Structure formats: structure tokens, C-alpha cells
Amino acid sequence: MSEPDQTKEPLRKPSWIRVKAPTSREWAETRQLMRRLDLHTVCEEAACPNVGECWSKRHATVMILGDTCTRACAFCNVKTGRPGAVDPLEPEHVAMAVGEMKLAHVVVTSVDRDDLDDGGAAQFVRVIERVRALSPDTTIEVLTPDFLRKEGAAQAVAKARPDVYNHNLETVPRLYAAIRPGARYFNSLRLLDDVKRQEPTLFTKSGIMVGLGEQRGEVLQVMEDLRSAGVDFLTIGQYLQPTPKHVPVDRFVTPDEFEEYRALAKGKGFLLVSASPLTRSSYHADRDFHLLKEARDRMRAG
């Protein structure tokens, strides 16, 4: 099976993948708040297609540990380079943003920080603690890096007990060398398994992109691997090429195929599955958290 073709001509986006440019007052206010508190969002840095919709509803995914990643994944629009020092005020600023936006649920992610001894785990813990202190009713979802070769880092974040622990596999194992060269598939899978074993009551979550050249059988195997690791929630979305320098889209997966993936994943035992062209890790995260709780309650009652 071949790897993604970097020379491939860009495909024309189908009608189901197009979104409107952000223009609302709420979008502008959210952007101003993030600038005032010197915060970054993955919504902007990763050029998320849903930023207009989410920010109009005052939902934003905060990206901690700066805006510069130590890796260069072929799909990601976040800039790569040598990151600056970790901002000691960042946890307080994140908590302030959560309070000002009156968020019922917040998603906190980060760049990869291979330069730090703990990969940035301590900053995740500090953010969780400050949000809990200032907004005790807000539920917290973390989307962490893989903490490759950072012994005990994921465990430290899990011990702080966010409500949801998310770590994305991103793609199928065969494509890691081309798409996610700095990561290791089984390290990411082990992280999710370790978190669930350590904190069984935490919801765990992971996601992949499709349209990168993966085969259907490979996607189904990823589902099996994630269920073996006890993952509760799976997201599947269409890969979109952020710039010409990134790996091109191999194909646009149809809405019917996404629905088939959703049904197959539900049949494998995930509590919740979000699979659609515009699905992203934190898309509708607040609504999905409530659906997760309802699904677990039904399972326990049954």
C-alpha cells in the first residue's frame, strides 16, 4: 500500500465540506478576549473549519504551552520551531477566559513540547487546578500530546482528574511515518490504555482523520485497538489540507461513508461516536460530554 502522494494536485472541495467565513459579533469578541489574555487557540492555529460556528456560540479550544510545536506533522498547521519559555501566568489566564465566557465545558490542548522534561504535563495540571478553583462547575476536557519518552507525564495529568482525557491517534499505523513522523502509534494507544487503567471513571476519547490514503479495513482495526484500550468516545473527521506545503487530500470521504463508520464504531461498543466531514476533536464538545454521561448512565442502568 502506498503512502500519501505529496505531488498530487489539490482536489476540489465537495459541497458538503464548505463552511462560511466567521463574521459574527461573538466571534470578534472571543478573538479579542484571547488576545487580551495572551492566549492561543487551536481553532485559529490549526485553521479549524468550524471556528466561525464555535466562536459564535462562545466555544473555544485553548492551546497552552505557546504557539510553537517541536514537531512537524504533515497534516498540522501549527507552526514548528523552538518554543519559548512556559508562561507562568497562562493557567490563571485560561481560568479567567473560562470565567468571562461562562463556559460550562472547556477543552484545553497544547502543542508538543519535546523540549520540556515532562512534555508540559505540569502546565496541564496547573490549568486544571486554576479552572477548578475559579469555575468549579465547569467540566474540563484535555487533549494532550503523546508525551513520548516522558515517563509519568500522562499519569500526572490523569491524576488531576479532568472530566475527559483525549489523545488523538490521528491516522492508521501504516501512515504514521509519512503523516505523524515524530509519534509512535502504539505509544499513543498505550497512553490511552494507561489513563483508563489508572482512572477508570474518567471518560477517554480519541480521534482520527480520514482522506489521507487509509483503507477501510485499517480504520476498522483502529476502532478495535481503541476499544481494547477502553476508549469511550471516537471522533472521525475529514482531513483538509491547510496549506499547499502540507500533505494533500487523497480523497473526500462521503457523508454516507461517515455514517457507515459511525454505525460500525457504535457496534464495537464505543459509548459515543462522532463521524462526519466536519467532525473535529472538540467540535460540539460541551454537548457531547452530556451525551457521554447519558450513554454511561443507560449502560449502567441496563
Review point. Which one of these does ILE208 not meet: (1) in contact with a Lys or Arg (Cβ under 7 Å, 6 or more places away or on another chain); (2) of a type in the set (Val, Ile, Thr); (3) within 26 Å of ARG149 (Cβ to Cβ)?
Key: (1)
Point to revise | Filter result (free of Cβ contacts under 8 Å to residues at least 40 places away in the same chain and more than 21 Å from the chain's Cα centre (by Cα)) within segment 258-294 | key: GLU260, ALA263, GLY267, GLU294
Revision key, fill the gap. Filtering segment 161-181 for residues that are in a loop (DSSP other than H, G, I, E, B) and either of a type in the set (Phe, Trp, Tyr) or out of contact with any Ser or Thr (no Cβ under 8 Å at 6 or more places or on another chain) (or both) leaves a count of 5
Check your understanding: Within segment 249-264, can one find any residue that is touching a Lys or Arg at 6+ places or on another chain (Cβ under 6 Å), buried (at least 19 other Cβ atoms within 10 Å of the Cβ), at pLDDT 95 or above and within 26 Å of ALA74 (Cβ to Cβ)?
Key -> no
Study note, to complete from the structure: Note: among VAL125, VAL106, VAL142, VAL172, just one is crowded, with 22+ Cβ neighbours inside 10 Å, in contact with a helix residue (DSSP H, G or I) (Cβ under 8 Å, 6 or more places away or on another chain), touching a residue at least 24 places away in the same chain (Cβ under 8 Å) and more than 29 Å from LEU220 (Cα to Cα), namely VAL106
Check your understanding: Does ASP118 meet the test of being surrounded by fewer than 21 Cβ atoms within 10 Å (Cβ to Cβ) and either assigned to a helix (DSSP H, G or I) or charged (D, E, K, R) (or both)?
Key -> yes
Study note, to complete from the structure: Residues of segment 128-139 being assigned to a helix (DSSP H, G or I) and touching a residue at least 12 places away in the same chain (Cβ under 8 Å), in sequence order, are ILE128, GLU129, ARG130, VAL131, ALA133, LEU134
Practice item. Could you check how many residues of segment 189-221 are part of a helix (DSSP H, G or I) and buried (at least 23 other Cβ atoms within 10 Å of the Cβ)? Key: 3
Revision key, fill the gap. Reported set for segment 62-92 where residues are under 21 Å from the mean Cα position of the chain (by Cα) and part of a helix (DSSP H, G or I) is GLU90, PRO91
Check your understanding: Within segment 200-215, is even one residue at pLDDT below 95 and farther than 25 Å from VAL142 by Cβ?
Key -> no
Exercise for review: From (1) surrounded by fewer than 23 Cβ atoms within 10 Å (Cβ to Cβ); (2) modelled with pLDDT under 95, pick out the condition that doesn't hold for THR70.
Suggested key: (2)
Study note, to complete from the structure: The residue from VAL98, VAL157, VAL131 that alone is crowded, with 19+ Cβ neighbours inside 10 Å and at pLDDT below 95 is VAL98
Review point. So, of the residues in segment 265-290 that are in a loop (DSSP other than H, G, I, E, B), of a type outside the set (Gly, Ala, Ser) and under 27 Å from GLY302 (Cα atoms), which turns out to be modelled with the lowest pLDDT?
Key: HIS284
Review point. Conditions: (1) over 24 Å from LEU292 (Cβ atoms); (2) among the charged types (D, E, K, R); (3) out of contact with any strand residue (DSSP E or B) (no Cβ under 6 Å at 6 or more places or on another chain); (4) not in a helix (DSSP H, G or I). ASP112 meets all but one. Number of the miss?
Key: (3)
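The values are calculated or read from the model by the stated rules, or taken from the named source; none is laboratory data. Note that this is a predicted model, so its numbers are computed, not measured. Please note: Cβ atoms are built from the backbone with ideal geometry, for glycine as well, and neighbour counts cover all protein chains shown.
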